[in-house]
Amino acid sequence: MIRINVVCIGKIKEKYIKEGINEFLKRLSKYIKLEIIELAEEDDNKGIENAINSETERIINAISKKSYSYNILLDLKGKMLDSEEMAQKIEEISMISSEINFIIGGSNGVNDNLRKIVDFRLCFSLMTFPHQLMRLILTEQLYRWVSINNNIKYHK
């Protein structure tokens, strides 16, 4: 069973987002081991660039502890794939790694230090989503990819 970590900045504050994430976590529990790793959000009173650098460093430290993982950064500058293509990519990754980290940066983004060390950069859309909502969208897509790979009717 593949292990997937969602490494993200900040906590979910909205009840409806928490409920949606929890529903997909429950559905996914039959197929994958999923953990959400929440890292502290930086106060940007010291400047946005300092906040970005500090949050990026936290992310790098978190994924460095899992050096055997395949790292996917959700990034507006990444590659766009449809659901079937991403499901196939997950299948391919699972052949070489038993763990995948999906990384969601904070509301100010991440710096290039992280972009340079990840294995893949994935763009969900050219639109910008709140990072809390992106976590719900990612968990739904994880369930969709698992559904595709396991021939579950959800995808249709």
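The values are calculated or read from the model by the stated rules, or taken from the named source; none is laboratory data. For clarity, every value in this text was computed on a predicted model and none was experimentally measured. Neighbour counts are summed over all protein chains in view; Cβ atoms, including those assigned to glycine, are modelled from backbone coordinates with ideal geometry.
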Identify the residue in segment 70-104 that is assigned to a helix (DSSP H, G or I) and among the small types (Gly, Ala, Ser) and, among all such residues, is surrounded by the fewest Cβ atoms within 10 Å (Cβ to Cβ).
83
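Can you tell me which residue in segment 1-41 is surrounded by the most Cβ atoms within 10 Å (Cβ to Cβ), limited to those that are among the charged types (D, E, K, R) and in contact with a strand residue (DSSP E or B) (Cβ under 7 Å, 6 or more places away or on another chain)?
Taking segment 1-41 first, the residues among the charged types (D, E, K, R) are 3, 11, 13-15, 18-19, 23, 26-27, 30, 33, 35, 38, 41.
Next, only the ones that are in contact with a strand residue (DSSP E or B) (Cβ under 7 Å, 6 or more places away or on another chain) stay: 3, 11, 33, 35, 38, 41.
Numbers: 3: 15, 11: 11, 33: 13, 35: 12, 38: 14, 41: 18.
So, considering only residues that are among the charged types (D, E, K, R) and in contact with a strand residue (DSSP E or B) (Cβ under 7 Å, 6 or more places away or on another chain), the one surrounded by the most Cβ atoms within 10 Å (Cβ to Cβ) is 41.
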Of the conditions (1) at pLDDT below 95; (2) surrounded by fewer than 16 Cβ atoms within 10 Å (Cβ to Cβ); (3) touching a helix residue (DSSP H, G or I) at 6+ places or on another chain (Cβ under 8 Å), residue 47 satisfies every one except a single condition; which number is it?
(3)
Options 78, 47, 106: the member that is out of contact with any Ser or Thr (no Cβ under 8 Å at 6 or more places or on another chain) and on the phi > 0 side of the Ramachandran plot
47
May I ask you to verify whether residue 114 is over 16 Å from residue 5 (Cα atoms), part of a strand (DSSP E or B) and not basic (Lys, Arg)?
no
In segment 129-155, how many are at pLDDT 95 or above, of a type in the set (D, E, K, R) and out of contact with any Ser or Thr (no Cβ under 7 Å at 6 or more places or on another chain)?
2
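Taking the conditions exactly as written (free of Cβ contacts under 8 Å to residues at least 24 places away in the same chain and either among the polar types (S, T, N, Q) or closer than 26 Å to residue 65 by Cα (or both)), does residue 22 satisfy them or not? Give the derivation first.
On the way: free of Cβ contacts under 8 Å to residues at least 24 places away in the same chain: yes; either among the polar types (S, T, N, Q) or closer than 26 Å to residue 65 by Cα (or both): yes.
Considered against the rule, which asks whether it is free of Cβ contacts under 8 Å to residues at least 24 places away in the same chain and either among the polar types (S, T, N, Q) or closer than 26 Å to residue 65 by Cα (or both), residue 22 comes out as yes.
Anything in segment 18-38 that is part of a strand (DSSP E or B) and more than 13 Å from the chain's Cα centre (by Cα)? List them, or say none. I'd like the intermediate steps shown before the answer.
From segment 18-38, those part of a strand (DSSP E or B) are 33-38; that's our starting set.
Scanning segment 18-38 gives a single hit, 33.
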The one condition residue 15 fails out of (1) touching a residue at least 60 places away in the same chain (Cβ under 8 Å); (2) over 14 Å from the mean Cα position of the chain (by Cα); (3) under 19 Å from residue 133 (Cα atoms) is (1)
